[in-house]
Amino acid sequence: MDQEPSTSSAGQDFGGFVDEPGNDHAARILCIVDDMCTRDILDRHLGFVTHKTQEEPFAALSKKDLVYLQQQKTMYIDACAPSSRFTIERCAMFDEDLGVGAKVMAAKDLKSGTVIQELCGRLVTVRESFLKPGRNDFSVVYSNFSKKSQLWLGPAAYANHDCESNCDIHYLRRGVACLRTNRPIRVGEEVTAYYGPNYFGTNNAHCLCTTCKAKMEGAYADTEPPPPLVARPFLQCAHCPAMFRYKSWLVRHLSSHVRIDKFPCGECGESFSRKSSLKRHAKGHGSSMEKFQCTLCPKTFTRKEDAVQHENIVHLKLSTHNCMDCELKFKSNKERQYHHNRVHSGLKPFSCPQCDAAFHAPNALYNHTKRRH
């Protein structure tokens, strides 16, 4: 990852190789092998020379080291293959990269929870004395389990840090970690990972990520903070972390937890939580009532708009919900609202019950709870 050097991370253990005290051979060989792979494969693929660890190569590689080199090459070959679910491209976001930075972009739509196994990297435990600021410390994570720094090199190391990343670092097997999506990622969206609360200094006070830039936080924060906004208190659901601005929204949401039947049908006895639902149901008892059939399957509906919505979403896979502030389209109103909270309004209605953190979407709250608590 071509960003500001740091030894902080998301606080996860990825099973790196543990060296004997005083022996940095594993870290040295990983640096040498990765420099060779980026030079022979990635640099040719991108058309420019990417950042190198500049580790002095050995006079000759052993048979074991050659096998190690071939395995690392396979990672980069798979990453640069046309069938890959992502692409590695030039990144000009960080001035300190001096034109040798790169980023990872999604080449295909990715669902939440997808393990991107071809976007991986090797992990090797290193001592602080081995790390050279500005040379080989640009991709280092820290294990809270072993209390040791781990050098992470491979295609996945080109995923930039973001404070609201769309991927988590995921242990794949001993000594290897990849990325796993924590929310849906669309084609053309940058693939990012969370490298920890202190990756850009204490509390990421000097963070240069896209989220901090949009929110004017981190390195983009004003020297004098604006006066605090007087926010209208949200109403929280008693059964889950969801919070709502209006009481009517909360009451409607409660029906997903508790069955509230206030409007019974006088014809068949079935009950409904809303009067409008009862009226629509009552029309079904009339034999002369007009039915609207989907043009692509036998399913029928009592309302024309329901038939059209079913056809667009289920069969045509159309994105019918447009964002009011940008050109993005979404398949559901919830997706659109979560996008608007994260990108435009900065609204965080989903609060953590165990700390002061708040999030734009329930999946972000879930990931926080799983990672922090």
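For region 166-191, a residue qualifies if it is among the β-branched types (Val, Ile, Thr), part of a strand (DSSP E or B) and either at pLDDT below 90 or open to solvent by 10 Å² or more (accessible area, probe 1.4 Å) (or both), and the qualifying residues are Ile169, Val176. Within region 353-373, the set of residues being buried (at least 17 other Cβ atoms within 10 Å of the Cβ) and not in a helix (DSSP H, G or I) comprises Ala358, Phe359, His360, Ala361.
Taking the criterion of being open to solvent by 50 Å² or more (accessible area, probe 1.4 Å) and in contact (Cβ under 8 Å) with a residue 24 or more places away in the chain, the only residue of region 24-35 that qualifies is Arg28.
Considering region 36-45, the residues that are of a type outside the set (Lys, Arg) and closer than 16 Å to Asp78 by Cβ include one that is surrounded by the most Cβ atoms within 10 Å (Cβ to Cβ), namely Thr38.
Within region 348-373, the set of residues being in contact (Cβ under 8 Å) with a residue 40 or more places away in the chain and out of contact with any Cys (no Cβ under 7 Å at 6 or more places or on another chain) comprises Pro349, Phe350, Ser351, Cys352, Pro353, His360, Ala361, Pro362, Asn363, Ala364, Asn367, Arg371.
Of the residues that sit in region 63-91 and are open to solvent by 30 Å² or more (accessible area, probe 1.4 Å), not in a helix (DSSP H, G or I) and not small (Gly, Ala, Ser), which one is farthest from Val49 (Cα to Cα)? Only one residue fits best here, namely Arg85. For Lys329, the stated conditions do not hold, so it cannot be described as under 23 Å from Lys111 (Cα atoms) and exposed (fewer than 13 other Cβ atoms within 10 Å of the Cβ). Within region 141-154, one or more residues are at pLDDT 90 or above and not hydrophobic (A, V, I, L, M, F, W, C). On the stretch given as region 105-130, residues that are surrounded by fewer than 23 Cβ atoms within 10 Å (Cβ to Cβ) and either in a loop (DSSP other than H, G, I, E, B) or among the small types (Gly, Ala, Ser) (or both) total 10. Selection of region 192-227 for residues being at pLDDT below 85 and aromatic (Phe, Trp, Tyr) yields Tyr195, Tyr199, Phe200, Tyr220.
The values are calculated or read from the model by the stated rules, or taken from the named source; none is laboratory data. Quick caveat: nothing in here was measured; it's all calculated off a predicted structure. Cβ: placed from backbone, ideal geometry, glycine included. Neighbour counts: every protein chain shown. The accessibility values were calculated without ligands, DNA or RNA, using every heavy atom of the protein model including side chains. Shrake-Rupley method; radii C 1.70, N 1.55, O 1.52, S 1.80 Å.
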